[in-house]
1. What number of residues within region 34-60 are exposed (fewer than 15 other Cβ atoms within 10 Å of the Cβ) and not in a helix (DSSP H, G or I)?
2. List, please: which pairs have Cβ atoms under 6 Å, are six or more places apart or on different chains, and start with a residue in region 69-82 that is under 13 Å from residue 18 (Cβ atoms) and basic (Lys, Arg) and end with one that is outside any strand (DSSP E or B) and modelled with pLDDT of 95 or more?
3. Would region 65-75 turn up any residue that is part of a helix (DSSP H, G or I) and surrounded by fewer than 14 Cβ atoms within 10 Å (Cβ to Cβ)?
4. Can you find, within region 34-54, the residue that is farthest from residue 75 (Cα to Cα) among those that are hydrophobic (A, V, I, L, M, F, W, C) and at pLDDT 95 or above?
5. Could you list all residues from region 46-80 that are closer than 21 Å to residue 33 by Cα, under 15 Å from the mean Cα position of the chain (by Cα) and not β-branched (Val, Ile, Thr)?
6. Output the number of the condition that residue 95 fails; it satisfies all remaining conditions of (1) part of a helix (DSSP H, G or I); (2) surrounded by 13 or more Cβ atoms within 10 Å (Cβ to Cβ); (3) modelled with pLDDT under 95.
7. For region 2-19, give me each residue that is at negative phi, loosely packed, with under 15 Cβ neighbours inside 10 Å and at pLDDT below 95.
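The values are calculated or read from the model by the stated rules, or taken from the named source; none is laboratory data. Just so it is clear, the model here is predicted, and its values are computed rather than measured. In this analysis, Cβ positions are derived from the backbone assuming ideal geometry, glycine residues included, and neighbour counts consider all displayed protein chains.
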Amino acid sequence: MKADAVRGHLDGLLLAVLETGPLHGYAIITAVMNRSGGALELRTGTIYPALKRLERLGLLTSSWESIGERRRRCYRLTDEGRRSLAGERAEWRQFTAAIGAVLNPGSNA
């Protein structure tokens with residue numbers, strides 16, 4: 001799948017994988033890849049700036065957690081983040097319905 005495929009949808013992807021609970025960066029990348037059946041492979045250089053931006057917007061919070069001698073930042077969805085995710089999902093349904101109507105004009109997409 002083209003790398004540009006996630007452009008415009010990255011926030012929704014990140015919020016969706018955090019909906020089930022807190023995750024650190026690599027676990028977020030893995031969750032997106034697993035949920036997409038390997039079709040979406042995000043890079044750390046892509047997600048960390050997005051996570052920081054979502055945190056500045058109040059959609060996520062983060063904290064440092066220690067696993068043995070390793071420390072990693074874990075991200076959690078806020079209530080505002082849950083509301084934003086609901087909006088992302090509604091927009092996605094509208095978008096896919098519109099694209100489906102154009103690409104498959106004879107079907108009830």
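1. Result for region 34-60: 7.
2. 76/22
3. no
4. Going through the qualifying residues, I end up with 50.
5. 48, 49, 50, 51, 52, 54, 60, 74, 75, 76, 77
6. It fails just one condition, (2).
7. Those that are at negative phi, loosely packed, with under 15 Cβ neighbours inside 10 Å and at pLDDT below 95: 2, 3, 4, 5, 7.
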